[in-house]
Amino acid sequence: MKGKTSITLSREILTGIDRLAGPQGSRSAFIERVLRRYLREQVRAQANARDLERINQAADRLNTEAADVLDYQVADD
């Protein structure tokens, strides 16, 4: 289901939309496609940021364990 909204855009933006949408294109359809793509990219970026945080946390823990093992090995020599 679609909802109706009203937005105000600069003439420059409207000209660019019209040019990219083409003579048969709809401004609304063009804007919807662009926003859908943007929203997908934002969701992906958030997931990537969460994954990177998890990786960094695991790396910190593993690096600490590795340093402990190395310290233990050096102390035994």
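No lab work stands behind these numbers, since they all come straight from the coordinates. Bear in mind that the values here come from a model prediction, so they are computed numbers and not experimental data. Cβ atoms come from the backbone with ideal geometry, glycine included; neighbour counts cover every protein chain shown.
What to note about this one:
- Stretching A58 away from M1 to a fully extended chain increases their span by 16.2 nm, per 0.36 nm per residue minus the current alpha-carbon distance.
- Crossing angle, helix 27-76 versus the chain [Cα axis fit, 0-90 degrees, rounded to tens]: 0 degrees
- Label assignment, Rg/Rh (Cα atoms, Kirkwood Rh) derived from the structure, set (1) 0.99; (2) 1.01; (3) 1.48: (3)
- Highest to lowest packing among 63-71, 30-38, scored as the average C-beta count within 10 Å: 30-38, 63-71
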